[in-house]
Amino acid sequence: VQLQAYGGGLVQAGGSLRLSCAASGSVFRINVMGWYRQAPGKQRELVATITRRGTTNYAASVKGRFTISRDNAKNTVTLQMNSLKPEDTAVYYCNGEAVSGNYWGQGTQVTVSS
């Protein structure tokens, strides 16, 4: 399984960004897809996940501002981020969870200026 992340960039506080991730390879193995983030000096943390059936889970800090969605036919997962705050600044990682293991995409930088 390979995961390729797209999007990210620099935005002012209150703005929006959209992250996308495309999975390739043995994608049928992936049940849960999601996004994690890691800020400088901090541990990687969960942002949002979505199961193949569409059940979502969000970190409390992003609930109501971020929306995760998934297209099983295209093997993609998207994170729409609205009302961004400076504390959302981090490297964001796409993740695919399967019985065979945990798969990670390359990180994409999100920077929110105040």
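The values are calculated or read from the model by the stated rules, or taken from the named source; none is laboratory data. Source: prediction; values computed, not measured. Ideal geometry is used to build each Cβ from the backbone, glycine not excepted, and the neighbour counts take in all protein chains shown. Only protein heavy atoms, including side chains, enter the accessible area calculation; ligands, DNA and RNA are left aside. Shrake-Rupley method; radii C 1.70, N 1.55, O 1.52, S 1.80 Å.
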Margin query: Pull out all pairs, ordered by first then second residue, where Cβ-Cβ is under 6 Å, the residues are six or more apart or on different chains, the first lies in the stretch 100-114 and is open to solvent by less than 40 Å² (accessible area, probe 1.4 Å), and the second is among the β-branched types (Val, Ile, Thr) and outside any strand (DSSP E or B).
Written below: Val112/Thr89
Notebook entry, point to check: Say we look at the stretch 56-71 and pick out the residues that are surrounded by 15 or more Cβ atoms within 10 Å (Cβ to Cβ) and among the aliphatic types (A, V, I, L, M); which of these is nearest to Asn82 (Cα to Cα)?
Noted result: Val62
Checklist line | Residue list for the stretch 30-39, filter: more than 12 Å from the chain's Cα centre (by Cα) and either free of Cβ contacts under 8 Å to residues at least 24 places away in the same chain or part of a strand (DSSP E or B) (or both) | finding: Ile30, Asn31
Margin query: Among the residues in the stretch 33-56, are any closer than 15 Å to Tyr6 by Cβ and touching a Lys or Arg at 6+ places or on another chain (Cβ under 9 Å)?
Written below: yes
Notebook entry, point to check: Pick from the stretch 72-99 the residues that are without any contact (Cβ under 8 Å) to a residue 60 or more places away in the chain and among the small types (Gly, Ala, Ser): which of them is surrounded by the fewest Cβ atoms within 10 Å (Cβ to Cβ)?
Noted result: Ala73
